[in-house]
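Quick notes on the structure that follows.
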Amino acid sequence: MWLLALETTTPDGSVALLRDDRVVAERSGDPALSHAERFPDDFAALLAEAGLTPGDIDLFAVATGPGGFTGLRIGLAAIQGLSLALNRPVAGVGSLPALAWAALDCDPSLPAAGVWLDASRGEVFAAAYARPRRPDTAWPLVTLALPTAAPPDVTLTEWRGVVPPGLRVAAACHDAARVALEHAGYAALAPPARLAGIVGRIGWRMHAVGLTAAPHALMPEYVRRPDVEIDRDRRAAAGVP
């Protein structure tokens, strides 16, 4: 099975081509270009390198967030368009469980892992996950702490008694948040530089257990309302047009 995976929730983003569970090629986006500008060329380049055409792709996978609102919308729309045009299934993979799965995949001794991502406004996107209850499966993960968007101190309060101290946390957040995380007894780890390959590997597993969907069913995972909506409501409450 050939699989194409796309991640546009981070500023650079990435795209990957996989053969079943194996990443054949993966590349980060050019930060000088928008996600909409870079994806068509990156997609075409990966296919050309492998000697494939779009019709050879059997499954699409895409990161569904949370992350940058504009990039997230572009990524979802791109994969929805391709999967619809080619009549292929699509796997929507949350960014938070994907990063947790990557940590667990790298270290079989870990029973669980957490994730903290910079959410701007002094907040972090956070969640924690454990390995599947069945030892013969690798997906889906078991949720220990639901995804949230909140200041670090609020997140740590919510984690108390739920997420055990000492847990390893993939942390792509500002320094103050990382310090608060480590002060609370968690081990902060650097997340992978690219996420598309991980999204693709999870997408392949989702397909194996029947968790893929039609393109119209693909939904973003914002966790927090987009900043533009929050600002609009604040202006309306203050009587500012």
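The values are calculated or read from the model by the stated rules, or taken from the named source; none is laboratory data. Everything numeric here is computed off the predicted structure, so don't read it as measured data. Cβ atoms come from the backbone with ideal geometry, glycine included; neighbour counts cover every protein chain shown. Please note that ligands, DNA and RNA were not included when accessible areas were found on the heavy atoms of the full protein model with its side chains. Shrake-Rupley method; radii C 1.70, N 1.55, O 1.52, S 1.80 Å.
Apart from one condition, Arg88 fits all of (1) in a helix (DSSP H, G or I); (2) closer than 18 Å to Ala44 by Cα; (3) open to solvent by 10 Å² or more (accessible area, probe 1.4 Å); the exception is (1).
Within the stretch 141-171, the set of residues being open to solvent by 40 Å² or more (accessible area, probe 1.4 Å), farther than 15 Å from Leu110 by Cα and in contact with a Leu (Cβ under 7 Å, 6 or more places away or on another chain) comprises Pro147, Val162.
Considering the conditions (1) touching a helix residue (DSSP H, G or I) at 6+ places or on another chain (Cβ under 9 Å); (2) closer than 15 Å to Val124 by Cα, Glu182 is excluded by exactly one of them, (1).
Picking from residues in the stretch 105-118 that are under 30 Å from Ala214 (Cβ atoms) and either among the small types (Gly, Ala, Ser) or under 15 Å from the mean Cα position of the chain (by Cα) (or both), the one that is least open to solvent (accessible area, probe 1.4 Å) is Val115.
Determine if the stretch 12-26 includes at least one residue that is touching a residue at least 12 places away in the same chain (Cβ under 8 Å), over 17 Å from the mean Cα position of the chain (by Cα) and either part of a helix (DSSP H, G or I) or on the phi > 0 side of the Ramachandran plot (or both). So far as the stretch 12-26 goes, yes, one or more of its residues are touching a residue at least 12 places away in the same chain (Cβ under 8 Å), over 17 Å from the mean Cα position of the chain (by Cα) and either part of a helix (DSSP H, G or I) or on the phi > 0 side of the Ramachandran plot (or both).
Among the residues of the stretch 28-49, are any open to solvent by 30 Å² or more (accessible area, probe 1.4 Å) and either in contact (Cβ under 8 Å) with a residue 60 or more places away in the chain or within 14 Å of the chain's Cα centre (by Cα) (or both)? Scanning the stretch 28-49, I find at least one residue that is open to solvent by 30 Å² or more (accessible area, probe 1.4 Å) and either in contact (Cβ under 8 Å) with a residue 60 or more places away in the chain or within 14 Å of the chain's Cα centre (by Cα) (or both), so the answer is yes.
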